[in-house]
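See structure below.
Every number in this text was worked out from the coordinates using simple rules, so none of it is lab data. All figures in this text were calculated on a predicted structure; none of them were measured in a lab. Virtual Cβ from ideal backbone geometry, glycine too; neighbours counted across all protein chains shown.
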Amino acid sequence: MSGPQVSFDGIRLVGRPPSELSAELSAYLEKTGREVRFTPEGDVGSEELGIYPRAQRAGDVLLTRLVFGRPNDWANTMFDCIPADEWRIH
């Protein structure tokens, strides 16, 4: 797998099995007192941090990729500030 590798506070966010990242990110968010958010597909993310890992097929394997967003005056939630095409299953 190639492309940018993104980490946050020691957690590798890209190129991992989704279930592995969900477990580690959920534990981190809970430990640091941040709200755990779930997408309709069940992916774990953080609106406060502006990150939503997404699952993407890489051959016969599902790996994570990252979507960034930031709610503001015109977009009240992450779902509002990220293009609708992104929320379709890949």
For this session: Would you mind stating whether G33 is out of contact with any helix residue (DSSP H, G or I) (no Cβ under 7 Å at 6 or more places or on another chain), under 26 Å from D80 (Cβ atoms) and of a type in the set (G, A, S)?
Result: yes
Exercise. Would segment 51-66 turn up any residue that is among the polar types (S, T, N, Q) and loosely packed, with under 12 Cβ neighbours inside 10 Å?
Worked result: no
Exercise. All but one of (1) touching a residue at least 24 places away in the same chain (Cβ under 8 Å); (2) part of a loop (DSSP other than H, G, I, E, B) hold for P4; which doesn't?
Worked result: (1)
Problem set entry | Matching entry among L21, L62 (being in contact with a strand residue (DSSP E or B) (Cβ under 8 Å, 6 or more places away or on another chain), in contact (Cβ under 8 Å) with a residue 12 or more places away in the chain and assigned to a strand (DSSP E or B)) | L62
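E24 - would you say it is under 22 Å from C81 (Cα atoms) and over 9 Å from the mean Cα position of the chain (by Cα)?
Numbers: under 22 Å from C81 (Cα atoms): no; over 9 Å from the mean Cα position of the chain (by Cα): yes.
No; evaluated as a whole, the condition is false for this residue.
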Exercise. Restricting segment 12-25 to residues that are within 10 Å of P53 (Cβ to Cβ) and either hydroxyl-bearing (S, T, Y) or touching a helix residue (DSSP H, G or I) at 6+ places or on another chain (Cβ under 7 Å) (or both), which is surrounded by the most Cβ atoms within 10 Å (Cβ to Cβ)?
Worked result: S22
